[in-house]
Every structure is written in C-alpha cells, then in structure tokens.
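The values are calculated or read from the model by the stated rules, or taken from the named source; none is laboratory data. Predicted model, so just to flag it, every value in this text is computed and none were measured. Glycine gets a Cβ as well: all are built from the backbone with ideal geometry, and neighbour counts include every protein chain shown. Each accessible area value is taken on the protein alone, full model and side chains, heavy atoms only, with ligands, DNA and RNA left out. Shrake-Rupley method; radii C 1.70, N 1.55, O 1.52, S 1.80 Å.
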Amino acid sequence: MIKFFLMVNKQGQTRLSRYYEHVEINKRTVLEAEVIKNCLSRSKDECSFVEYKDFKLVYRQYAALFIVVGIDQTENEMAVYELIHNFVEVLDKYFSRVSELDVSFSVSEIHLL
C-alpha cells in the first residue's frame, strides 16, 4: 500500500505531497525532511529503493525533481518505480516537458479551485 507521494526539488523543498494515511501536520514536516535528506544524499549509482523506519522509499530523479513514494513492506518496489515513471510521462504529455514551475503552478491552481 502507498503511504505517501512526494515531489521535491534538488534544494529539498516539497513541491507536491499527498498522504494516503493520516499523519499529523507537524509530523509531516519532520517526516518529509528526513525522507528528503535520505533520498537526496544518495548518489546516482545507488539503488532507488531505501528501507526507512517501518516502510520503504522508492524514488526517481527527473532533472531537478525527485519523486518519492513511501510504501509498506508488502508492496512491489518495481511496480511503484514504474508507476512513478508513468506519472511523469503523463505530466510530460500534459505540460509538454514538465518542470518544477509547472508542478508549482498546477498545485496552486488546484488549491484555488
């Protein structure tokens, strides 16, 4: 099961977050900071799957954006890895080459609705 979905820039700023389990707001910022630090500190040669506390992190980097998905121990890492890629392909089709600015703009537009 997917626990959360994060889109983060190289500076470690969260651009999009979606939680599928209840997490208190103050705990979200701590969780995001730890998860981001954990993923951004890894080199490109290292595996994109990371054991973290009681769940796993699956992440991919696309230019200046990192997409990180937190999953439970029973979820298939490769399936989630491909899900991330499919998500980015959809964004690329919609925005014709997605960028951090597109994500920031679309998120603020959604919040206004």
At 1.4 Å probe size, with every protein chain present, just tell me what the per residue accessible area of the stretch 2-112 comes to in Å².
-> 63
Would you tally the net charge around Ile2, using a Cβ to Cβ cut-off of less than 10 Å, leaving Ile2 out, and scoring K and R as +1, D and E as -1?
-> -1
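Quickly rank 64-71, 89-96 as a protection proxy: mean count of other C-beta atoms within 10 Å, highest first. Walk me through the intermediate numbers first.
Values: 64-71: 21.6, 89-96: 12.2.
In descending order of packing, they fall as 64-71, 89-96.
Work out, step by step, the length gained on full extension between Glu34 and Glu82: first 0.36 nm times the residue separation, then minus their alpha carbon distance; give nm to one decimal.
Working: separation 48, 0.36 × 48 = 17.28 nm, distance 2.37 nm.
So the chain would gain 14.9 nm between Glu34 and Glu82.
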Would you mind calculating the relative contact order of the stretch 2-112 from Cα pairs under 8 angstrom and at least 6 residues apart, reporting the percent as a whole number?
-> 27
Counting only the backbone N, which residues of the stretch 61-76 are under 18 Å from the spot 7 Å out from the Cα of Gln13 toward its beta-carbon?
-> 62-68
Residue separation times 0.36 nm, minus the C-alpha to C-alpha distance between Phe49 and Gln61: what's the value?
-> 3.1 nm
Tell me which lysines have Cα within less than 22 Å of Lys56's Cα, excluding those fewer than 8 residues away on the same chain?
-> Lys3, Lys10, Lys27, Lys37, Lys44
Leaving ligands, DNA and RNA out of it, report the carbon-plus-sulfur percent of the accessible area of the stretch 41-80 at a 1.4 Å probe.
-> 51
Is any residue of the stretch 38-72 close enough, with backbone N under 19 Å, to a label point placed 7 angstrom from the Cα of Glu24 along the Cα-Cβ axis, and if so, which?
-> 54
